[in-house]
Each structure stands twice: as structure tokens, then as C-alpha cells.
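The numbers here are math on the coordinates, done by the rules we state, and not lab data. Treat the numbers as computed from the prediction; the structure is a model and nothing was measured. Cβ placement follows ideal geometry from the backbone for every residue including glycine, while neighbour counts extend to all protein chains displayed.
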Amino acid sequence: MLVETFDDLSGTEASRSIAKGLTQEIVGQLSKFKDIIVVQSFDKRVASSRFVLAGSVNLSADAFRLRVMFFNRADGSVLWADSYDGEMKVSALLKTEANIAQKVATSLAQTYGVISQADASLHVSNPPDDWAAYSCTLSFYAYRANLNQKALPAVRACLEKAVERFPGYATAWGLLSQAYIDEIRFLYPPDERATSASIALALAAARRAVELDPLNVRALQAEMFALYFSKEIEAALLVGKRALSINPNDTELMGEYGYRLALSGGWDDGCQLVEEARTRNPGPLAYYETALALCAYFRSDYPQAVMWIRKATVPGSANYHTIAAAIFSEGGYEADALRERLWLEENAPGLIKNLQQEVANRIVRPEDVDFFLGSLKKTGLAFQD
């Protein structure tokens, strides 16, 4: 991505300074996303830039306005545009510039942001190997958007081929690790041998990703997942916290780390991160809404939990229906709880058979596990205690 120096429309010393400061702040925030190479007009790589971010700054008596436009360099099509206002108070100017830069970077570069959406809809004829490898990462995000388990084997195979062709591609290694974890997260009934093998593969792939690029957030997110499902909870949370400090604008990571933090007992701090991730993420929201439903459930706010779980329609996910059953049961919504129980009995008998272990694999504190299972028992679900 080429970031052009923003135009100064006012022609004053103050406006020139603000235009330059905003340009540099946005370059810095975008550079935290490791899949994006950010260049400026003096860089020799300008010719290969696929996208351009341009903008202008205009001053009034006590405020400024930044207008930004993001477009495809090949055909000039505008993919995104927005404007941001800020006060001219010296004491607040640096903070205002940083806040605007974070908003721009998040809108463009996060997992389901403008760039990802533009590439997901792009069809390349006879793609070169590097584009084919990159498209594997896009296919992973498409799979995660709706958690279609039938798509997972093809996504895993694509990523395995990508790291074979490009063994230095840290992001692909990280996503491959998450694909291995997803194989056990959604496998009912569980296979202990397959679970152990998948966790070992996930840890190895995640650590390879981190070794290749210690600042790659997807790599660190994968390591967090692999450690969490290996029951190394404290280590997992430390990795997640470090990753978020590297790029606080990555809402995909923010939501996943927040969810792990909440499930491990840090409900207040974790749920706050999930809420912020949902607010800032333009992508699929059902995953966040299911998490927020669980957050409300564990603070005994059942009307709020019901509101979130009704918004988060994930019809094919057994995890969603399990959480919904607990919420409806504990909140006194008997007809809804019965509907969820019948769905689970028909569609996820393997999950019910091993329900206590599956819940304990995700929720860390024994008292939280017991409370959740108690809610499920109220629905009439029969499972081994």
C-alpha cells in the first residue's frame, strides 16, 4: 500500500504540521499489520503498490478535518473513503492524531477490513504461486466467517500446500495451526489420539510461525490457541496479551484474546475486550455476540444474554446451541430451552455424550463449569456427570 503525504489545503504552518503528523501516524499504525507492506512516495517499491491511501487536511479556527480516500491503483476505483474531525488544542493534538490513525488502520487492515474484502472478491486468472498462497489465507477467513466444517479439510490442505511452497510465510503457518485446533474444537465425539496429534501439529506450526516472525499477530494468536487447548492457560494468556500490545488495532486478535481471558475467569476484562472488538470489527459478528451472550449469562443478566444469543444466529454450530440452551434454561425461557435441547439431541449426540469434558476444555474455572452444566441439566439433557 502506498500512503501519500496528505495534502495541506489551508497552507499554514499548523496545517502542514498536522498533515505531516497524520501521515506518519497512519503509516506507523498500518505497519503493525504484518501482511501489509506500507510504502511512501520516496520508496523505490512505489511502482509495485496495489493500493493507495490519499487524503487532505483543512483547518478552521479551532478544528481540523482529515478526508481520506483508499483506492485501487490499477483502475482508480475508490474502495473506501471517510472523514475525521479533531480539535486544534495543543494538549490534545497528538492523542487526536493517534486516535484517528488507529481508526483508519483498523478500517483498512483488520482481518475483515477493506483490503481483505477487496481481495476476497478478486478473481485472478492463472494466479502466480505467491497469490495462490495468499488466497489460502483468505479462504481460511471465509471459513471462519461461518464456521462451515465441511470447508475445513480443503482449507487445511490449501494452507499445508502454501507453507510447503513458501516455508517462510509466517501468517500461513499461524492459520494452519488454527486449522489444526479447529479440527478438535468441533469434532464430536472426540478422538483422543486425533486430539493429541492435532494439538502437537498446532503447537509446532504456531511455534514455526513465531520463529519466522516474532511480531506477527496471527502467529502469536495461533500460539495462544494451541497453548490454551493444551491446558497451558497462563502461558496462553501471556502470549495473547503480548500480541495485543504489539497491535491493539487488530480486532480479530482482540476478540479471541478477550474470549480466552473471559473463559479463564477474567470475565470483566475479557468481556470488555470482546465488546470493543465487536464494535470495531466490520466482519461477521455472530461469534462476538455468542461470546457476549455468555458474558451476560455468567453475570446473571439473563435478559441481556437472551438478547445477544437471539442476535447471534449460527444455525449449524453445536457450540452456539449449547450456549443458547444454557441461557434459555437459566433465564426461564422453557420453550426456547426445549428447542435447543432437541436440536442438540438430533444433531450433536457425540457432543452430549462427552459434554462435561467438552465444556471443561473451554471454560477453565470448575465453579463456572459446574454452573454451566447445571443450566444444561435443567433443559433435560442427559449426559454423564
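In the chain, once you exclude exposed trypsin sites (Lys or Arg not before Pro) (DSSP loop, at most 13 other Cβ within 10 angstrom), what's the longest stretch remaining? Of all site-free stretches, the longest is 90-230.
When the charge dipole of region 111-249 is built from unit charges on Cβ atoms (+1 for Lys and Arg, -1 for Asp and Glu) and taken about the Cα centre, the candidate among V163, F229, Y180 whose Cα reaches farthest toward its positive end is F229. Among rounded, prolate and oblate, which fits region 285-385 when a ≥ b ≥ c are the square roots of the eigenvalues of its C-alpha gyration tensor, a/c under 1.5 means rounded, and a/b larger than b/c means prolate? It is rounded, given that a/c, with a ≥ b ≥ c, falls under 1.5. Treating r as the C-beta distance of L215 and F186 and R0 as 35 Å, the FRET efficiency rounds to 0.70. Looking only at G283, G240, G255, which one moves most when the chain is put into a Gaussian network model with springs between Cα atoms under 10 Å? Between G283, G240, G255, it is G283 that shows the largest mean-square fluctuation. Computed about the Cα centre, the dipole magnitude for region 111-249 is approximately 180 debye when only Lys and Arg (+1) and Asp and Glu (-1) carry charge, each at its Cβ.
Against the longest principal axis of the chain, how steep is helix 170-185, in degrees 0 to 90 to the nearest 10, with axes from Cα atoms? Helix 170-185 sits roughly 20 degrees off the main axis of the chain.
Which angle between 0 and 90 degrees, to the nearest 10, do you get for helix 192-212 versus the longest principal axis of the chain when only C-alpha atoms count? Helix 192-212 sits at roughly 20 degrees to that axis. Separation of region 283-334 from region 144-178 is 29 Å, based on Cα centroids. Candidate cross-link partners of K95 among the lysines, defined by an alpha-carbon separation under 19 Å and a same-chain spacing of 8 or more, comprise K20, K32, K103. A Gaussian network model of the chain, with springs between Cα atoms under 10 Å, assigns the largest mean-square fluctuation among L53, L238, L203 to L238. Coupling constants for region 6-19 follow from the phi torsions by the Karplus curve (6.51 cos²θ - 1.76 cosθ + 1.60, θ = phi - 60°), and in residue order they are 5, 5, 9, 8, 9, x, 10, 4, 5, 5, 4, 5, 5, 4 Hz; glycine and proline get x.
For the chain, the direction-averaged projected area of the alpha-carbon convex hull comes to 21.0 nm².
Placing +1 on each Lys and Arg Cβ and -1 on each Asp and Glu Cβ, with no other charges, gives region 1-141 a dipole about its Cα centre of roughly 160 debye. Rounded to the nearest 10 degrees, the inclination of helix 286-298 to the longest alpha-carbon principal axis of the chain is 60 degrees.
Can you tell me how region 251-344 classifies by the Cα gyration tensor, rounded, prolate or oblate, using a/c under 1.5 as the rounded cut?
Working: a/c = 2.12, a/b = 1.56, b/c = 1.36.
Judged from the Cα gyration tensor, region 251-344 comes out prolate (a/c at least 1.5, a/b above b/c).
Mean residue ellipticity at 222 nm from the helices of the chain, using -39,500 (n - 2.57) per DSSP H segment of n ≥ 4 over the full residue count, to the nearest 500 deg cm²/dmol?
Working: 18 runs with 245 residues, N = 385.
Estimated from H runs of four or more residues: -20500 deg cm²/dmol.
Largest GNM mean-square fluctuation across A194, A101, A262, computed for the chain with C-alpha springs under 10 Å, falls on A194.
For the chain, give me the percentage of DSSP beta bridges that are antiparallel, rounded to the nearest 5 percent.
Bridges in the chain are about 80 percent antiparallel.
Prolate is the label for region 2-109, because the ratio a/c of its alpha-carbon gyration tensor axes (a ≥ b ≥ c) is 1.5 or higher and a/b is greater than b/c.
When only C-alpha pairs under 8 Å and at least 6 residues apart count, what is the relative contact order of the chain, in percent? Don't skip to the answer; put the middle values down first.
Values: 605 pairs, mean separation 39.2, N = 385.
Relative contact order, the chain: 10 percent.
Placing dummy labels 7 Å off each Cα toward the beta-carbon, the span from A132 to I246 is 2.9 nm. Within the straight-line cut-off of under 22 Å between alpha carbons, the lysines reachable from K378 are K353, sequence neighbours fewer than 8 places apart in one chain being disregarded.
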